[in-house]
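Visitor: Would you mind keeping the following structure in view while I ask a few things?
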Amino acid sequence: MSVGRPGAPGGPRVRLVPGALEVALAARRCTTWPELAAAVRECTACAELAATRRQVVVGDAPAGARLALVGEAPGAEEDAAGRPFVGRAGKLLDELLAAAGLDRDEVAVLNVLRCRPPANRTPRPDEVARCRGWLERSLELVRPDLVVALGLTAAATLLGRGTKLADSRGRVHEVDGRRVLVSYHPSAAIRFGPAGQPRSALAVDLRLAATLLGEHR
Ligand code: SF4
């Protein structure tokens, strides 16, 4: 069941799992990024994650960011540092962004979940549904020209269930007034190695993002 749509009267889309509506309403009360960051840090809507996380990873939202990257969830290093994409995957992401002519310091970096799932397990659907309110409000506050979903969890969250990553790459999806590209998660690029398809695909997709941002100026 859904309530409203992002950017439309009635508020963000909310799957009514316990806690999701409360998160969405709390998120909508935030009118600035610092307000949202403070509110997310207090969130305990997912009892297991709130009990096991070291800290909430709110995300990076530099002023004027025109590109937003959305990953899956914090890993162990992000959980320890309190910032998204700081481990090996983050280093690779920084390299590929730079190769595409994009500066990480000017890019918003978010995750579908703001808290680390224990042992880096895949986020559960109820957790994704709860944290969606924070994600939607984050995107509304950042107002990027383009969003890149990194990996299947982010792609399915932004484009809908049933999304297939390979089929969705290479074209712009217009979703709820947003332009969305889909690519692989940097962790997949690491897992398959430097010569693997995910790494080359991620490099290509970030270059496409840079091109689209250049055209959109
Ligand atoms: S994952 Fe999101 S909704 Fe769940 S406790 Fe963390 S911040 Fe709250």
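Visitor: Can you name the residue in segment 113-163 that is at pLDDT 95 or above, among the charged types (D, E, K, R) and more than 15 Å from the ligand (Cβ to nearest atom) and, of all such residues, is nearest to residue 205 (Cα to Cα)?
Guide: 145
Visitor: Give me a count of the residues in segment 112-160 that are part of a helix (DSSP H, G or I), among the acidic types (Asp, Glu) and more than 18 Å from residue 28 (Cα to Cα).
Guide: 2
Visitor: Restricting the search to segment 19-51, which residues are surrounded by fewer than 19 Cβ atoms within 10 Å (Cβ to Cβ), near the ligand (Cβ under 10 Å from one of its atoms) and outside any loop (DSSP other than H, G, I, E, B)?
Guide: Once the filter is applied, which keeps residues that are surrounded by fewer than 19 Cβ atoms within 10 Å (Cβ to Cβ), near the ligand (Cβ under 10 Å from one of its atoms) and outside any loop (DSSP other than H, G, I, E, B), segment 19-51 yields 22, 26, 39, 41, 47, 48, 50, 51.
Visitor: While we're on this one: When both residues are 6+ apart or on different chains and their Cβ atoms are under 9 Å apart, which pairs have a first residue that lies in segment 164-181 and is part of a loop (DSSP other than H, G, I, E, B) and surrounded by 14 or more Cβ atoms within 10 Å (Cβ to Cβ), and a second that is modelled with pLDDT under 95 and hydrophobic (A, V, I, L, M, F, W, C)?
Guide: Cβ pairs passing all conditions: 176/8.
Visitor: Same structure, new question: Would it be correct to say that residue 103 is over 17 Å from residue 62 (Cα atoms) and away from the ligand (no atom under 12 Å from the Cβ)?
Guide: Answer is no for this residue.
Visitor: Name the one entry in 61, 108, 68 that is surrounded by fewer than 22 Cβ atoms within 10 Å (Cβ to Cβ), at pLDDT 95 or above, under 16 Å from residue 138 (Cα atoms) and in contact with a strand residue (DSSP E or B) (Cβ under 7 Å, 6 or more places away or on another chain).
Guide: Exactly one of 61, 108, 68 is surrounded by fewer than 22 Cβ atoms within 10 Å (Cβ to Cβ), at pLDDT 95 or above, under 16 Å from residue 138 (Cα atoms) and in contact with a strand residue (DSSP E or B) (Cβ under 7 Å, 6 or more places away or on another chain), namely 61.
Visitor: Mind listing whichever residues of segment 197-217 are more than 22 Å from residue 86 (Cα to Cα) and either of a type outside the set (D, E, K, R) or touching a residue at least 12 places away in the same chain (Cβ under 8 Å) (or both)?
Guide: 197, 208, 211, 212, 213, 214, 216
The values are calculated or read from the model by the stated rules, or taken from the named source; none is laboratory data. Computed from a prediction, not measured in an experiment: that's the story for all the values here. Glycine also receives a Cβ, built like all others from the backbone with ideal geometry; neighbour counts cover every protein chain displayed.
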